[in-house]
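So the structure is just underneath, and the comments pick up after that.
The values are calculated or read from the model by the stated rules, or taken from the named source; none is laboratory data. Everything numeric here is computed off the predicted structure, so don't read it as measured data. Don't worry about glycine lacking a Cβ; one is built from the backbone with ideal geometry, like all the others, and counts go over all protein chains shown. Ligands, DNA and RNA are excluded from the accessible area calculation, which covers all protein heavy atoms including side chains. Shrake-Rupley method; radii C 1.70, N 1.55, O 1.52, S 1.80 Å.
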Amino acid sequence: MSNQTEEIKRKTILLSEKNNENLKINDHGEKRKSFDWTKYETHLNNDTQKERKKEEKIYVNTLPDIHELEIYKGIITYITDKTVIVDIGFKAEGAIPISEFRNFDIKVGLNIEVMVVKIDYKGQCILSYLKAKTLRNWQKINQAYEKSEVILGYVAARTKGGLIVEIFDIECFLPGSHINVKPVRDYDTYVGKTIEVKVVKINQKTKNVVVSHKVLIEKDIEEQRKEMISKLDKGQVLEGKIKNILPYGAFVDLGGVDALLHITDMSWPHINHPTEVVQLEQELKFVVLGVDKEKNRVQLGLKQLQPHPWNSLDKDLKVGSKVKGKVTVLADYGAFVEIIPGVEALLHISEMSWSTDLSSTQDFVQIGDELEAVILTIDRQERKMSLSVKQLTEDPWINIQNKYPVDSKHIGIVKKFTNFGVLLELEKGISGVIYTNDLTWTKKLKHSSEFCNINDKLEVVVLSVDPQSRRLNLGHKQLTDNPWDEYEKIYNVGSIHHGIISNVFEKGSSVKFIENENIEAFSPLRFLERKDGSYPKKGEKVEFKIIEFNKDTKKIVVSHTSVYRDKDQKKEQRIRNRKLEKSTLGDIVGLAKLKEKIEKERKK
């Protein structure tokens, strides 16, 4: 600075010190009055004031715009045993503890970056070299993360689960899974070495940095993989090693390129698991089936190197020929039957049985079953074949009305329960339905399984036959007369019977009659009350009166209350009748005497 500028700086500091006198306390503990600069400047003439403002402007323009927590360039002007004085071009120099410069060769005149930590009320700057350096290093790490740059790091130590890598004097974590593409067992071999890494994650809150060395290796491998895949073509035969086996196939190492060998491309015959054909580390020859150069995927085949089994299929086989095979695969729509190893034919569910009650393939066949079938279709070019089992026998539904006429009786086997009844097999391929309400006259069934069990034999009568829809409607209760016709005569409304409380509910009780436990009645709670106000319990024998009978719905409603109320009403009626009889007899005697008296008077 010039001598003029130094003089302006000195005057400004003096003025600042005078201004600070306003905060001082006098000997009596009282705050001194503020110095009135306005009054002081009023005695100056205009020329003096203009000169002062001109010099003040020159000084202010020489000072930089300084802000706290910002980094500025400075020059070391003086070094003591404890502090380093740095000039950043502000009105006052700043001091930094010399402890911040460990392992750093400092000297007067050296340019360094510092952070303005604070500017005190005196205009003094509190600086820090370490904070500036740390901030700059964090800026470098963030920049490397944003630009995905490769940086060198020094492996300082090993830690739990990985390594500590120093980058720009900041400790970063390198997880063990990110050291190499292959698992690393000995972390100590990396300590003390410099390696290339890439920042993969930064937690700004906790100031944690995660780096990876594996991503760089994977990038190199991916580039090599792309180059190798670009040279592959469909139909090439290559050697490879089985690297990994999964339920749906295996991954093959072609020397830097992993390719998929699907389970369906391993063997012409059907297999359940890849280990039936290949083993880990096994070296084999494969044919390239497809190459996706955009997604870097390769699909291989093993069975394609072997002759197709269809080529060895008997040439005399045609539509209508009978064949034998083993069930290898089950599907919702049918089953696949292996005729010879590698040649499978479809047995559709509709061709398994003449019966229409097959709801799933498992109802007819299971994996491993051996069966005989007839060929429905065969296409050697498309290598497709379909079979039929039911065509081996005559359609049993032809002339079904002659074999199972209406009202004819038969015995069948319970095969399945449905929501609406029972499925009964009368013979192979012929089944009929018994609806739940056709099982019994007396019992109220919520489900048909309450009446019988699977594989039970039931005698039935044919109720209706529909050959077109292949449906037989059967009945079991129709084998006997409807007992409710007889019940209607016995349990007529108003009749009284003895019953036992079989169940107690919130709204009433169920009652079984002593003379016939096959039928059950219901008594509402209000009709169960005894004369003493109590209610009968389960198992008690009680007298009931029939108050409702419905043969169609099989509903009988009874009342115990009505029994004793009717008795009381009859007793009251008898008493009233007696009174009426007495009064009537007295009237007759009185009238007779009156008549006799009148007759006597008339004679006189």
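Based on the Cα coordinates of the range 70-133, what is the per residue volume of their convex hull in Å³? Before the final figure, lay out the partial values.
Working: hull volume 5.0 nm³, N = 64.
Normalising the Cα hull of the range 70-133 by residue number yields 79 Å³.
Find, to one decimal place in angstroms, the Kirkwood hydrodynamic radius of the range 148-219, where the mean of 1/r is taken over every pair of different Cα atoms and then inverted.
Numbers: mean 1/r = 0.0830 Å⁻¹.
In the range 148-219 this quantity evaluates to 12.1 Å.
Over the Cα atoms of the range 318-392, each weighted equally, I'd like the Debye log10 I(q)/I(0) at q = 0.19 Å⁻¹, rounded to two decimals.
Calculated log10 I(q)/I(0) at the listed q: -0.70.
With label points built 7 Å along Cα→Cβ from the Cα atoms of residue 538 and residue 392, find their separation and express it in nm.
5.5 nm
If you take all C-alpha pairs in the range 483-567, what percent of them are over 22 Å apart?
On the way: 613 of 3570 pairs.
Every Cα pair in the range 483-567 considered, those over 22 Å come to 17 percent.
By the scheme Lys and Arg +1, Asp and Glu -1, what is the net charge of all other residues having a beta-carbon under 11 Å from that of residue 520? Could you put the intermediate results ahead of the total?
Numbers: positive: 443, 444, 512, 554, 555; negative: 517.
After counting each charged neighbour, the total is +4.
Computing the accessible area with a 1.4 Å probe over protein heavy atoms, can you report the carbon and sulfur percentage for the range 232-305? Walk me through the intermediate numbers first.
Numbers: 1990 of 4100 Å².
On the range 232-305, the fraction of accessible area on carbon and sulfur atoms equals 49 percent.
Counting only other residues whose beta carbon sits under 10 Å from that of residue 561, what net charge do I get with K and R as +1, D and E as -1? Write down the numbers at each step before the final one.
Working: positive: 526, 530, 531, 545, 565; negative: 529, 566.
It works out to a net charge of +3.
Each residue of the range 278-295 in turn: what ³J(HN,Hα) in whole Hz from Karplus with 6.51, -1.76, 1.60 and θ = phi - 60°, glycine and Pro shown as x?
10, 10, 4, 6, 6, 9, 9, 9, 10, 10, 6, 8, x, 9, 9, 6, 6, 9
Averaged over every viewing direction, what's the projected area of the C-alpha convex hull for the range 399-496? Give it in nm², one decimal, please.
Working: hull surface 30.1 nm².
In nm², the orientation-averaged hull projection of the range 399-496 is 7.5.
Can you tell me the accessible area per residue over the range 356-430, all protein chains present, probe 1.4 angstrom, in square angstrom? Intermediate results must be reported in sequence, preceding the final value.
Working: 4480 Å² over 75 residues.
Solvent-accessible surface per residue comes out at 60 Å².
Over the alpha-carbon set of the range 232-305, divide Rg by the Kirkwood Rh and report the Rg/Rh ratio to two decimals.
Result for the range 232-305 is an Rg/Rh of 0.93.
Under 5 Å between amide H atoms, partner at least 5 residues away or on a different chain: which partners does residue 471 have, H built in plane at 1.01 Å?
So residue 471 has HN proximity to 466.
Take the solvent-accessible surface of the protein heavy atoms, probe 1.4 Å, and return the percent of it on the range 148-219 that carbon and sulfur atoms account for. Spell out each step's value before the answer.
On the way: 2140 of 4280 Å².
Ligands and nucleic acids excluded, carbon and sulfur give 50 percent.
Please report, largest first and rounded to whole Å, the three semi-axes of the ellipsoid equivalent to the range 303-454, where each semi-axis is the square root of five times an eigenvalue of the C-alpha gyration tensor. Could the numbers behind the result be given before it?
Values: eigenvalues 321, 63, 19 Å².
Working from the Cα gyration tensor, I get semi-axes of 40, 18, 10 Å.
Order the following by accessible area, largest value first: 225, 102. Probe radius 1.4 Å; ligands, DNA and RNA are ignored. Kindly include the intermediate steps, with their values, before the conclusion.
Working: 225 40, 102 185 Å².
Correct descending sequence by accessible area is 102, 225.
For the range 483-567, what relative contact order do you get, as a whole percent, if you take Cα pairs closer than 8 Å and at least 6 residues apart? Walk me through the numbers before you get to the answer.
On the way: 171 pairs, mean separation 26.7, N = 85.
For the range 483-567, the relative contact order is 31 percent.
Report, by chain and number, residues whose modeled amide H sits under 5 Å from the one on residue 249, excluding near sequence neighbours (fewer than 5 apart, same chain).
So residue 249 has HN proximity to 263.
At 7 Å along Cα-to-Cβ for each site, give me the label-to-label distance between residue 69 and residue 502 in nm.
Between residue 69 and residue 502, the label points sit 8.7 nm apart.
With θ taken as phi - 60° and the coefficients 6.51, -1.76 and 1.60, list the Karplus ³J(HN,Hα) couplings across the range 394-411 in order, rounded to whole Hz; mark glycine and proline as x.
In residue order, the calculated couplings are 6, 5, x, 7, 6, 6, 4, 5, 6, 7, 10, x, 4, 6, 6, 9, 8, 10 Hz.
Go through the range 176-189 residue by residue and turn each phi into a ³J(HN,Hα) via Karplus (6.51, -1.76, 1.60, θ = phi - 60°); whole Hz please, and just put x for glycine and proline.
x, 6, 10, 6, 8, 6, 9, x, 9, 9, 10, 6, 5, 5
Would you kindly find the accessible area of residue 498, with a 1.4 Å probe and non-protein molecules such as ligands, DNA and RNA excluded, rounding to the nearest 10 Å²?
90 Å²
What percentage of the solvent-accessible surface of the range 483-567, computed with a 1.4 Å probe over protein heavy atoms, is contributed by carbon and sulfur atoms?
Numbers: 2350 of 4890 Å².
In the range 483-567, the share of accessible area belonging to carbon and sulfur is 48 percent.
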